[in-house]
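What follows is a short report on a single structure.
Values quoted throughout were computed directly from the atomic coordinates according to the rules given, and no laboratory measurement underlies them. These numbers were taken from a predicted model, which means no experiment stands behind them. Cβ: placed from backbone, ideal geometry, glycine included. Neighbour counts: every protein chain shown.
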Amino acid sequence: MLWLAAAFLATALLYASVGFGGGSTYNALLALAGTDYRILPLIALSCNIVVVAGSSIRYAHAKITPWRGALALTALAAPAALLGGLTPIGERSFLLLLGASLLLTSLTLLIPVRETHAAEPTSLARYIPFTAAPLGYLAGIVGIGGGIFLAPLLHLVRWRDARAIAAAASFFILVNSLFGLTGQLLKGGAERLEAAVAFGLPLLVAVAIGGQIGSLLAVRLLPKHWIRWLTAALTFWVGLRLLLGA
């Protein structure tokens, strides 16, 4: 458990520095630790909430969050996240879906991110709202926030500048995680909640510490592209293992 808590702290620290929650990597680490798949989404979504809550508040306080766009995307995604959390799923199907989502995560992390964009969005930006509900559903069912998929799409279509995209992704993750967690709790009941709390409480403390440090200090220990590549390698490896072993 000590190595897992340390890994969660480091993950939260790194992800919080760029506006993400880390749900995909929490899933990867929990899968490596052999965690019961039925409580895995509860832990990952809870950790997401702890990390991105602070980031979302700071972005809002700094008046960076593009509220109109962020609210529109989240309003489409949140009900789907709740539905995803409520969806019954067997272990093999869950592991296959989680493995596929981790592989997709690894690919999105390799998409180059520019710090500045042209003023005008591309013609494809109008189709971004159609991605919100599928991402919300995936967020609820496997225990991610969906922002790590949404943000690269927003960068590709030049939706806003890089800071506004990070703020929108952070808010998207927060709300989706809340709705997805609600669905998971309604589906699993008190017994599963007790098991998740018993196993995940030290991890929540770890991500709370890591998330605060990351959002406050904007980590400079490694270049951001190194962080993305290392995370991509981890998620790809775990995703492939899950797909081959499911």
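Taking only Cα atoms, what is the 0 to 90° angle, nearest 10, from helix 91-109's long axis to the longest principal axis of the chain?
Approximately 30 degrees, to the nearest 10.
Mind sorting 4, 42, 201, 98 by how few other Cβ atoms lie within 10 Å of their own Cβ, fewest first? Walk me through the intermediate numbers first.
Details: 4 19, 42 25, 201 12, 98 30.
The most exposed by this proxy come first: 201, 4, 42, 98.
Compute the long axis of helix 162-217 from its Cα atoms, compare it with the longest principal axis of the Cα atoms of the chain, and write down the angle in degrees, 0 to 90, nearest 10.
Taking the Cα atoms of the chain, the angle to 162-217 is about 20 degrees.
For a quick check: sort 59, 127 by the number of other beta carbons within 10 angstrom, fewest at the front.
Working: 59 24, 127 10.
Sorted ascending by nearby Cβ count, the order is 127, 59.
Using a Förster distance of 30 Å, how high is the FRET efficiency between residue 192 and residue 243, based on the Cβ-Cβ distance and rounded to 0.05? Spell out each step's value before the answer.
Values: r = 25 Å, r/R0 = 0.84.
It comes out at approximately 0.75.
Where does each of 44-50, 30-36 land if you order them by average Cβ count within 10 Å, highest first?
On the way: 44-50: 29.0, 30-36: 16.7.
Highest mean packing first, the order is 44-50, 30-36.
Pairs of Cα atoms under 8 Å, at least six residues apart: use those to get the relative contact order of segment 66-155, whole percent. Mind showing how you got there, number by number?
On the way: 76 pairs, mean separation 45.9, N = 90.
51 percent.
Step by step: find N for segment 1-49, compute 2.2 N^0.38 Å, then divide the Cα radius of gyration by it. What's the final number?
On the way: Rg = 10.2 Å, N = 49, 2.2 N^0.38 = 9.7 Å.
So segment 1-49 has a normalised radius of gyration of 1.05.
For segment 2-245, calculate the relative contact order in percent as a whole number, restricting contacts to Cα pairs under 8 Å that are 6 or more residues apart. Can you show the working numbers first?
Values: 451 pairs, mean separation 98.2, N = 244.
Answer for segment 2-245 is 40 percent.
Could you work out how far helix 23-32 tilts from the main Cα principal axis of the chain, as a 0 to 90 degree angle to the nearest 10?
30
With a ≥ b ≥ c taken as the square roots of the eigenvalues of the C-alpha gyration tensor of segment 1-87, please select rounded if a/c is under 1.5 and otherwise prolate if a/b is larger than b/c or oblate if it is not?
Numbers: a/c = 3.33, a/b = 1.36, b/c = 2.45.
Judged from the Cα gyration tensor, segment 1-87 comes out oblate (a/c at least 1.5, b/c at or above a/b).
May I ask you to sort 163, 92 by Cβ crowding, counting other Cβ atoms within 10 Å and putting the fewest first? Could you put the intermediate results ahead of the total?
Values: 163 15, 92 11.
Ascending number of Cβ neighbours within 10 Å: 92, 163.
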